[in-house]
Amino acid sequence: MASIETVLENIGEKRFVPLFNENELDLEIILRLTDVELKETLTELIKPIGPRMKIFKELQSLTSTDSGK
């Protein structure tokens, strides 16, 4: 499994890695969140709308890919 650091780096949003680390959010936890929980979490963590939506869409796609296994 990839890490949150890798995912954020791949979409050009590595600057947000410390926020996920400070809140002890790794990819395993994130992939268990519902879309609503994910959106609420990102809204609290990331204030700029553009990067937040970019990260949300990427993590959402990983969640649906993961659940399709």
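The values are calculated or read from the model by the stated rules, or taken from the named source; none is laboratory data. Because the structure is a prediction, the values reported are computed rather than measured. Because the Cβ atoms are built from the backbone with ideal geometry, glycine has one as well, and the counts that use them run over all protein chains shown. Calculation scope for accessible area: heavy atoms of the full protein, side chains included, ligands and nucleic acids excluded. Shrake-Rupley method; radii C 1.70, N 1.55, O 1.52, S 1.80 Å.
Candidates Leu25, Thr6, Pro48 compared by Cα position along the dipole of the chain: farthest toward the positive end lies Pro48, with charges placed on Cβ.
Among the GluC sites (Glu not before Pro) in the chain, those located in a DSSP loop and surrounded by at most 12 other Cβ atoms within 10 Å of their own Cβ are Glu24. Here region 19-69 is treated as a sphere whose radius is the Kirkwood value from Cα pairs; by Stokes-Einstein at 10 °C and 1.306 mPa s it diffuses with a coefficient of 143 µm²/s. Applied to region 43-58, the Karplus parametrisation 6.51 cos²θ - 1.76 cosθ + 1.60 on θ = phi - 60° returns per-residue 3J(HN,Hα) values of 4, 6, 7, 10, 6, x, 5, x, x, 4, 5, 4, 5, 4, 4, 5 Hz, with x for Gly and Pro.
Hey, if we sort Met53, Met1 by accessible area with the 1.4 Å probe, largest down, what's the order? Provide the component values of the computation, followed by the final result.
Details: Met53 75, Met1 170 Å².
Of Met53, Met1, the descending order of accessible area is Met1, Met53.
The HN-Hα couplings worked out from phi for region 14-31 by the Karplus form 6.51 cos²θ - 1.76 cosθ + 1.60 (θ = phi - 60°) are 4, 4, 8, 3, x, 5, 5, 5, 4, 9, 6, 9, 9, 5, 4, 5, 4, 5 Hz, whole numbers, x standing for Gly and Pro.
Counting charges near Leu8 (Lys, Arg +1; Asp, Glu -1) among other residues having Cβ under 11 Å from its Cβ returns a value of -1. When a 1.4 Å probe is rolled over the protein heavy atoms, the share of accessible surface on the chain that falls to carbon and sulfur comes to 52 percent. Take the Cα of Asp35, step 7 Å toward its Cβ, do the same at Lys47, and the gap between the two points is 2.8 nm. The Rg/Rh ratio of region 1-45, with Rg taken over Cα atoms and Rh as the Kirkwood radius over Cα pairs, comes to 0.93. The relative contact order of the chain comes to 35 percent, based on Cα pairs under 8 Å that sit 6 or more residues apart.
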